[in-house]
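Notes follow the structure.
The values are calculated or read from the model by the stated rules, or taken from the named source; none is laboratory data. This structure is a prediction, so every number in the text was calculated from the model and none was measured. Reconstructed Cβ throughout: ideal geometry from the backbone, glycine too, with neighbour counts over all protein chains shown. Quick note on the areas: whole protein, heavy atoms, side chains included, nothing else; ligands and nucleic acids left out. Shrake-Rupley method; radii C 1.70, N 1.55, O 1.52, S 1.80 Å.
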Amino acid sequence: MSKLPDPWLVGLAKGWQVLGHSIPPPATLKADVVVIGTGAGGGVTAELLARAGLRVIMLEEGPLKTSKDFNQLESEAYPALYQESAARKTDDKAINILQGRCVGGSTTVNWTSSFRTPSATLTFWRNRFGLAGMTEEAMAPYFQEAERRLNIGAWLTSPNENNELLRKGASRLGISSDSIPRNVKGCWNLGSCGMGCPTNAKQSMLLTTVPTALDRGAVLLVNTRALRLNLAQGRIQSVMAEYLSQKVHLTHTEKTSGAVEIKCEHVVVAGGAINSPALLLRSSMPDPYQVLGRRTFLHPVVMSAAVMEHEVAGWQGAPQTIYSDHFLETQPIDGQMGYKLEVPPIHPVIFASSIPGYGEPQAALLKSFANQHILLALLRDGFHDESVGGRVGVRADGSPTLHYPLNDFVMDGARRALLSMAEIQFAAGAKQVLPVHEMAKPYTNWGEAKDAIFRLPMLPLQTRVVSAHVMGGCGMADSPQLGVTRPDGAHWQIPNLSVHDGSLFPTSIGANPQLSIYGLVNRLTQNLIRRLGGRPEALA
Amino acid sequence: MAKGLLSGSLPEEAVAQEAALSGLLLRLSDAVSALPTHAQQELCQLLALLGTSPGRWCLAGVSNPWELATVADVQAGLHAMRFSHITLRQQAYQALHDLTGAAYFSSRDTWTALGYPGPRGL
């Protein structure tokens, strides 16, 4: 248990209204606006609406875990803070998806990378989805506010060795790389961002917007999942939710549950790009053009694991500080799939479960754990006719599913990414490189790796694919034929329903999405406040 | 099955290996109980199938009952599932691989062998 000051203890002591944590929520509640989800979208929305004087209820299906609970242990963090214990998968099990499920959502567990939406992405949205207002100039003030509010800026500490090797390998090949802006204040450079920041340096929604909303009188319901939206006379009348709490005792597990109905004037859905479309599907929201839950994007990620001569200690230090956009810029955005290169933090559980093979060959890889240098490539999906993304559905029990075909077009990008990463790793001095693929072997030079990667069958499941960025499914567009939501985030058919999260994006972003969500949702919420008659407010 | 997946990582000495496997089973049980219902159900179906002779034979190609199977038998079964053309067999292999690897290496006892010092004290 972290002994550092935990602002939540102070807040709860002074009377923040949090239900579902130690006190179960009542059966009925009333609000001006219900905000479903407390991640990047829900957090920003809740703070602004509460400051504007509106009565806000935040609904969070995950638990309230704060810095005192963050022990930097994967075994505790994955089941407590992530969707499906960090093992959420596409329906064919070929893509493992990391998403937060706790107060602060994915911002509580992300690696702090903060990029504005790339200009090429905005141009594509204007041209293909009629989002005329999405220009760099129009978005700039909203990004600036988010950057000020969340202390987003250059990270001036030296990168850890895992990141430095990306810079070094790329530079030896004449490939540009740069440093990643981060949303931190007084970061201790521990490297435990993915398990919840134990020092409260990360300016996540858990530390910033959710507490501000509570200070302004908003109510937070935790361990409470939105089941469906009640629609009558063309408007949402209330949100039906279920409170579910589990307390583990020595001899038994005590489960408490109860139904909650929240009557409201407006609903903002911000449950992330799998749960938001799934909630709308469960609620049978009108979908005359069959666009809901379609065009779900993942930035499918492939990885390359190198062994260096020296210790890399990839668990240590800020996890993600160097990137290269070289391979996003070598072809047009709507040409063959481009990819962004970054590195992940390396911890035992995620490493052992991601690295292919078993028995002695895997044991040999694990023995080189401290010398491992891993690169990842985020594939930019959604910009080509052959990259239409996935489709969210719901099971009989209401839980969401995602079908995402890893077709030849996507896997061609994956092969080129494995090639680029291996070449960079050998240039950085790797003594062996293993593309993370069931049929690959550790290769000891670039020529051997190149020949082998050209021959690898780039099939789902054989190629290890993961994702930490889910986007789309309730896309914005200037016509209801092309999107679920209007350019202002309101649902095309239901005026008192808005979507404020990554599911708004009509394509993937081509960069880690948190700042894209902060900036866009900041803008949409300021408009929503005008519509609802609140006091004008800005994020900073 | 864990003996096949983790050979080379498990302690070789019999008593220590037994202790490591008991710890692993407890952690696996915790990990599975934290999964959502639909994932638990799928895993249950997989394990139930692997527990029957026809299921063991069809999925893993292992003829000996698990309690009589050698590490080599188990590894031959893992190999057959891993490189099978049948999606269900690949999925089964990956589920066993991921769950076992995650549960085994979540224990501090396994970290020394990795050269991982554990989280920095605050």
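Observations on the model:
- Subset of segment B:88-105 that is surrounded by fewer than 23 Cβ atoms within 10 Å (Cβ to Cβ) and at the interface with another protein chain (Cβ under 7 Å from one of its Cβ atoms) - its residue that is nearest to A:Y78 (Cα to Cα): B:D98
- Within segment A:201-217, residues that are within 18 Å of A:Y518 (Cβ to Cβ) reach partners that are assigned to a strand (DSSP E or B) and open to solvent by 10 Å² or more (accessible area, probe 1.4 Å) with beta carbons closer than 8 Å, at six or more positions or on different chains, in the pairs A:A201/A:V184; A:K202/A:V184; A:Q203/A:I152; A:Q203/A:V184.
- Inter-residue pairs, beta-carbon under 7 Å, first touching a residue at least 60 places away in the same chain (Cβ under 8 Å) and in segment B:78-103, second among the β-branched types (V, I, T) and in a helix (DSSP H, G or I), 6+ apart: B:A102/A:V349
- Among the residues of segment A:351-397, those identified as more than 10 Å from every other protein chain (Cβ to nearest Cβ), in a loop (DSSP other than H, G, I, E, B) and not hydrophobic (A, V, I, L, M, F, W, C) are A:R380, A:D381, A:G382, A:H384, A:D385, A:E386, A:S387, A:G389.
- Count of residues meeting criterion [crowded, with 22+ Cβ neighbours inside 10 Å, over 22 Å from the mean Cα position of the chain (by Cα) and at positive phi] in segment A:358-407: 0
- Boolean, A:G258 is open to solvent by 10 Å² or more (accessible area, probe 1.4 Å) and at pLDDT 95 or above: no
- Going through (1) in a loop (DSSP other than H, G, I, E, B); (2) out of contact with any Gly (no Cβ under 8 Å at 6 or more places or on another chain); (3) under 30 Å from A:I180 (Cβ atoms) one by one, A:T507 falls short only on (2).
- The residue that is farthest from A:V307 (Cα to Cα), among those in segment A:165-176 that are in contact (Cβ under 8 Å) with a residue 12 or more places away in the chain and open to solvent by 40 Å² or more (accessible area, probe 1.4 Å), is A:S176.
- Among the residues of segment A:193-245, the ones that are away from chain B (no Cβ under 14 Å), closer than 22 Å to A:A146 by Cβ and not hydroxyl-bearing (S, T, Y) come to 13 in all.
- For segment A:43-65, the set of residues classified as among the small types (G, A, S) and crowded, with 24+ Cβ neighbours inside 10 Å consists of A:G43, A:A46, A:A50, listed by residue number.
- Residue list for segment A:5-28, filter: surrounded by 14 or more Cβ atoms within 10 Å (Cβ to Cβ) and within 14 Å of chain B (Cβ to nearest Cβ): A:D6
- Selection count, segment A:230-280, where residues are in contact with a helix residue (DSSP H, G or I) (Cβ under 8 Å, 6 or more places away or on another chain) and at positive phi: 1
- Picking from residues in segment A:491-510 that are of a type in the set (A, V, I, L, M) and under 21 Å from A:G100 (Cβ atoms), the one that is surrounded by the most Cβ atoms within 10 Å (Cβ to Cβ) is A:V499.
- Of the residues B:H79, B:H85, the single one that is part of a loop (DSSP other than H, G, I, E, B) and either open to solvent by 30 Å² or more (accessible area, probe 1.4 Å) or more than 10 Å from chain A (Cβ to nearest Cβ) (or both) is B:H85.
- A:G429 vs. criteria in contact with a helix residue (DSSP H, G or I) (Cβ under 6 Å, 6 or more places away or on another chain), part of a loop (DSSP other than H, G, I, E, B) and surrounded by fewer than 24 Cβ atoms within 10 Å (Cβ to Cβ): no
- For segment A:284-322, the candidate set comprises residues that are assigned to a strand (DSSP E or B) and surrounded by fewer than 24 Cβ atoms within 10 Å (Cβ to Cβ); within that set, the residue that is farthest from the other protein chains (Cβ to nearest Cβ) is A:I322.
- Those residues of segment A:476-490 which are of a type outside the set (K, R) and surrounded by fewer than 24 Cβ atoms within 10 Å (Cβ to Cβ), in sequence order: A:A477, A:D478, A:S479, A:P480, A:Q481, A:L482, A:P487, A:D488, A:A490
- Where A:Y518 falls short, out of the listed (1) under 23 Å from A:R55 (Cα atoms); (2) part of a loop (DSSP other than H, G, I, E, B): (2)
Each row is one residue, and each column tells you yes or no for (1) open to solvent by 50 Å² or more (accessible area, probe 1.4 Å); (2) part of a helix (DSSP H, G or I); (3) out of contact with any Lys or Arg (no Cβ under 6 Å at 6 or more places or on another chain).
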position	(1), (2), (3)
A:G194	no, yes, yes
A:M205	no, no, yes
A:V210	no, yes, yes
A:Q246	yes, no, no
A:E265	yes, no, yes
A:A273	no, no, yes
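- Considering residues of segment A:150-164 that are in contact with a strand residue (DSSP E or B) (Cβ under 8 Å, 6 or more places away or on another chain) and without any contact (Cβ under 8 Å) to a residue 60 or more places away in the chain only, the residue surrounded by the most Cβ atoms within 10 Å (Cβ to Cβ): A:N151
- Close Cβ contacts (under 6 Å, 6 or more residues apart or on different chains) running from residues in segment B:1-18 that are within 9 Å of another protein chain (Cβ to nearest Cβ) to residues that are crowded, with 16+ Cβ neighbours inside 10 Å and in a loop (DSSP other than H, G, I, E, B) comprise B:L5/A:Y358.
- Per-region count, segment B:22-53, residues within 21 Å of A:K89 (Cα to Cα) and away from chain A (no Cβ under 12 Å): 4
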